[in-house]
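The next block holds one structure in the form of structure tokens; read it before the comments.
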Amino acid sequence: MFRISARAAAAAFVLAALVTGPALAQKKAPWHDIGRDATKAEVAAWDIDVRPDFKGLPKGSGSVSKGEEVWEAKCASCHGVFGESNEVFTPIVGGTTKEDIARGRVKNLEEGSSYPQKTTMMKVPTVSTLWDYINRAMPWNAPKTLTTEEVYATVAYILNLAEVVPDDFVLSDQNIAEVQKRMPNRNGMVFYEPLWRVDGKGDVKNVACMKNCPVDPQIRSSLPGFARDAHGNIAEQNRVIGPVRGADTTQPPPTGPVGSQPRPAPVVVAAAASGGSDVRALLASNSCTACHGFTNKIVGPGFNEIAAKTKDRADAEAYLVGRIKNGGSGVYGPVPMPAQPQVSDADAQAMARWIIGGAR
């Protein structure tokens, strides 16, 4: 039998390391030294999701009455005072009954129903979904700015509007699991095994196409011309967070189906400097154009309508600055304008002067 001494083996090991070491170093991936590990604080800042089993839900509470205050200040302008608005987004509340709460299935979602609109409370099966989405994405123009109490309270208010909880209810991390048992569509979820298990049995049975198979399937959508600018220029109403998706509705509609023509460059409205002269960009950067068109009503009145209504006021500038900063309601209809305290005094004055000057 062949044997090698311990000293010879050690020498061979050192020699191999000297020969292969540089070679291995040269093969290191080019991105190996780029970046760093995220800190615990950075991970915690992103890891805010709340699961259906309520893992990730922070401790806290919020009352229905507090939720009504938050709703009217920060939510009603888009969703309506009672969550019923269909002007900007589909309604949040409506279409559910006490019978739905008792059985956990919404009757108006069943085949044959003639209910005209699918609302959020009709579809959502888990209360954690409401909490998680509101916490991460609302309000529309200032996501992640609600406190934990405000999120609990807002969810409580929505549930109260849907008659899931009473008027004096206080939603908390301690009782939210009990509230889940009263969600109108809690039993409406369908479990599709292939979507959850890699080795799950498929939900369809078919064989592969072997002849005359379609090779270029296309899915397209289009918007009727009359509805194209119903809410003003969508390109100027993009949310300040996330990718730009709005179409420039000041331009003629496409001549072919969406996706069949070269995609135009996105319209990006840059934020104006504080107190700057580009007031249109200032309005867009503060999401004012999400609710107000320049020459047409969206949720609130068009800027031209505000200009016409305030042109004879001696205190027009101070009045408009106050409305911008503090909000208000009742002048142009029942939908309140939420306060915008994040707008600086200089920016609010620039907006007010532009409106007084005719909003041009």
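Numbers at a glance
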read-out	value
Failed criterion for Phe2 (all others in (1) open to solvent by less than 100 Å² (accessible area, probe 1.4 Å); (2) at pLDDT below 85 hold)	(1)
Test: residue in the range 40-50 that is in contact with a helix residue (DSSP H, G or I) (Cβ under 9 Å, 6 or more places away or on another chain) and surrounded by 16 or more Cβ atoms within 10 Å (Cβ to Cβ)	yes
Residue list for the range 339-353, filter: within 11 Å of Cys288 (Cβ to Cβ) and either among the aromatic types (Phe, Trp, Tyr) or out of contact with any Leu (no Cβ under 7 Å at 6 or more places or on another chain) (or both)	Gln340, Val343, Ala348
Those residues of the range 112-123 which are among the hydroxyl-bearing types (Ser, Thr, Tyr) and outside any loop (DSSP other than H, G, I, E, B), in sequence order	Thr120
Failed criterion for Val258 (all others in (1) open to solvent by 50 Å² or more (accessible area, probe 1.4 Å); (2) at pLDDT 70 or above hold)	(2)
Out of Asp199, Asp132, Asp168, Asp100, sole residue that is touching a residue at least 60 places away in the same chain (Cβ under 8 Å), surrounded by fewer than 16 Cβ atoms within 10 Å (Cβ to Cβ) and among the acidic types (Asp, Glu)	Asp168
Qualifying residue in the range 309-319 (condition: under 22 Å from Trp140 (Cα atoms), loosely packed, with under 15 Cβ neighbours inside 10 Å and out of contact with any Ser or Thr (no Cβ under 7 Å at 6 or more places or on another chain))	no
Enumeration of residues in the range 306-360 that are hydroxyl-bearing (Ser, Thr, Tyr) and more than 21 Å from Glu69 (Cβ to Cβ)	Thr310, Tyr319, Tyr332, Ser344
Residue selected from the range 305-314 under the condition touching a helix residue (DSSP H, G or I) at 6+ places or on another chain (Cβ under 9 Å) and of a type outside the set (A, V, I, L, M), by the criterion farthest from His231 (Cα to Cα)	Arg313
Lone unmet requirement of (1) outside any loop (DSSP other than H, G, I, E, B); (2) crowded, with 17+ Cβ neighbours inside 10 Å for Glu72	(2)
Looking only at the range 323-360, and only at residues there that are touching a strand residue (DSSP E or B) at 6+ places or on another chain (Cβ under 8 Å) and not in a loop (DSSP other than H, G, I, E, B), the one that is surrounded by the most Cβ atoms within 10 Å (Cβ to Cβ)	Met337
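The values are calculated or read from the model by the stated rules, or taken from the named source; none is laboratory data. Note that the structure is predicted; figures quoted are calculated from it, not measured. So basically every Cβ, Gly included, is an ideal-geometry build from the backbone, and we count neighbours across all protein chains shown. To get the accessible areas, we keep the full protein, side chains included, count just its heavy atoms, and leave off ligands, DNA and RNA. Shrake-Rupley method; radii C 1.70, N 1.55, O 1.52, S 1.80 Å.
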